[in-house]
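Everything on this sheet refers to the single structure shown next.
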Amino acid sequence: MRRIYADHNATTPLAPDALAAMLPYFANHYGNASSVHLEGRDARAAVDSARVRLAGLLGAQEGEIVFTGGGTESDNTAIFGVPPGHVITSSTEHHAVLHACQRRSDATFLPVGADGAVDPDELRRAIRPDTRLVSIMSANNETGTVQPIRELAAICRERGVLFHTDAVQSFGKVPVQVNQWGVDLLSIAAHKFYGPKGVGALYIRRGTRLQPLLYGGSHENERRAGTENCPGIVGMVKAAEIAAAKMEAEGARLFQLTERLATGIEQTIPGSHRNGHPRLRVPNTVNFSFEGCTFEGLLLGLDLEGIAVSSGSACAVGSLEPSHVLIAMGVSRELARAAVRFSLGRANTDADVEEILAAVTKVVKRLRTFS
């Protein structure tokens, strides 16, 4: 059976050119980037070069980039690194942010509208004299809805509050420029844009005081202890450069494919409900609920048809609870438990969309017959 992968928000395949860039640093250039000998200097040169190139892609300065073990570590560093006090986030964040904020002693969780967007006026009202940080994701991992980051960051800047955005689902899909957005902190993860798993980065605006999450060495200018993952860093930045070069054309192509899929579902399957903003979204993502179904039945049924999709965050696999994102958007628990996320990628084609539509139609009809 031919398999169709439509779960790129969970992870992406490693780009061949990124793999090729990594291989020498597994074998021939294996030195520790903190060592002073030739082998160490070779690794250091690769890490330093990657830092400069990633900074350029983000519109940042070289010294503002800290390499991490992934998006979760970057998010946690931003949230736990600020001094004690009040933090604000949204009710639809990835759990890497949501759970971290819940661990803080004083947190406010902003509501969202039916399309999943935060109202800037809600943020204005929530900021207090003791607010230390606001963390709002730039694009939702389940629905693809994008937030008004520039406006939200500007509100925080006016009030002297640090602003962090989880850009894990944005970077590589839409232009991400830290100065244009006006953010103080920004997280990315390599495996979301065809880089390797287990590596990411945190942008920290110059002058921002942040306590490290990890201790044990002076790596990353004393901001993140631990031997740098040289192959992963090299592969991440190569993948980022490829994504930047492809972004405009690939974004337009994926938006057309996902709109074609969404239109087909709406026209073919009665009782289907689109979740999230239809236009203000990352181009590769659409989310639908299907009346009379459950996400367990939908995912298993589609998998048996050769289609790989998900019901939401891969980090919440095994949970039988409905999506907290959809519940926060006002979707009923019944429909929230009947949701599927379709997130397309570089290898997907028009033919894939037709096969996905046929498979979804078949599976939904079968599940409704059973119910």
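The values are calculated or read from the model by the stated rules, or taken from the named source; none is laboratory data. Fair warning: this is a prediction, and the values are worked out from it, not measured in the lab. Don't worry about glycine lacking a Cβ; one is built from the backbone with ideal geometry, like all the others, and counts go over all protein chains shown. Just so you know, the surface numbers come from the protein's heavy atoms only, side chains and all, with ligands and any DNA or RNA stripped out. Shrake-Rupley method; radii C 1.70, N 1.55, O 1.52, S 1.80 Å.
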> Can you give the Rg and Dmax of the chain based on its C-alpha atoms, in angstrom?
Replying inline: 20.9, 69
> With a ≥ b ≥ c the root eigenvalues of the C-alpha gyration tensor of region 202-360, is it rounded (a/c under 1.5), prolate (a/b larger than b/c) or oblate?
Replying inline: prolate
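At 222 nm, what helix-only mean residue ellipticity would the chain give, in deg cm²/dmol to the nearest 500, using -39500 (n - 2.57) for each DSSP H run of four or more?
Result for the chain: -12500 deg cm²/dmol, rounded to the nearest 500.
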>> Quick check: from the Cα gyration tensor, does region 77-127 come out rounded (a/c under 1.5), prolate or oblate?
In response: oblate
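Over the chain, what is the relative contact order in percent, taking alpha-carbon pairs closer than 8 angstrom and at least six residues apart?
Details: 746 pairs, mean separation 83.8, N = 371.
Here the relative contact order equals 23 percent.
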>> Can you tell me the length gained on complete extension of the stretch Thr349 to Ser49, counting 0.36 nm per residue apart and subtracting the Cα distance?
In response: 104.5 nm
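If you average the sequence gap of Cα pairs under 8 Å that are 6 or more apart and divide by the length of region 192-255, what percent do you get for the contact order? Could you put the intermediate results ahead of the total?
Values: 46 pairs, mean separation 25.3, N = 64.
The value is 40 percent.
Taking the Cβ-Cβ separation of Arg260 and Leu38 as r and a Förster radius of 45 Å, what is the calculated FRET efficiency to the nearest 0.05? Walk me through the numbers before you get to the answer.
Details: r = 54 Å, r/R0 = 1.20.
After rounding, the FRET efficiency stands at 0.25.
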> What trypsin sites (Lys or Arg not before Pro) does region 165-256 have in DSSP loop regions with at most 10 other beta carbons within 10 Å?
Replying inline: Arg206, Arg209
> region 288-371: Rg/Rh from Cα coordinates, Kirkwood Rh?
Replying inline: 0.96
>> Suppose the chain between Ser105 and Arg150 were pulled fully straight at 0.36 nm per residue; how much longer would it get relative to their current alpha carbon spacing?
In response: 13.5 nm
>> Rolling a 1.4 angstrom probe over the protein chains, ignoring ligands and nucleic acids, what is the accessible area of Phe193 in square angstrom, nearest 10?
In response: 0
> For Lys197, which lysines qualify as cross-link partners when the Cα separation must be under 16 Å and same-chain residues fewer than eight apart are set aside?
Replying inline: Lys238
> Which aspartates and glutamates does Lys246 reach when only Cα atoms under 18 Å apart count, and residues fewer than 8 places away in its own chain are ignored?
Replying inline: Asp17
> Does anyone have the angle between helix 295-304 and the longest principal axis of the chain? Alpha-carbon axes, 0 to 90°, nearest 10?
Replying inline: 90
>> How large is the Kirkwood hydrodynamic radius of region 4-92, counting all unique pairs of alpha carbons, in Å?
In response: 16.4
> region 44-181: D in µm²/s via Stokes-Einstein (Kirkwood Rh, Cα pairs, 4 °C, 1.567 mPa s)?
Replying inline: 83
> Each label point is 7 Å from the Cα along the Cα-to-Cβ direction; what then is the distance between the points at Thr361 and Glu291, in nm?
Replying inline: 1.9
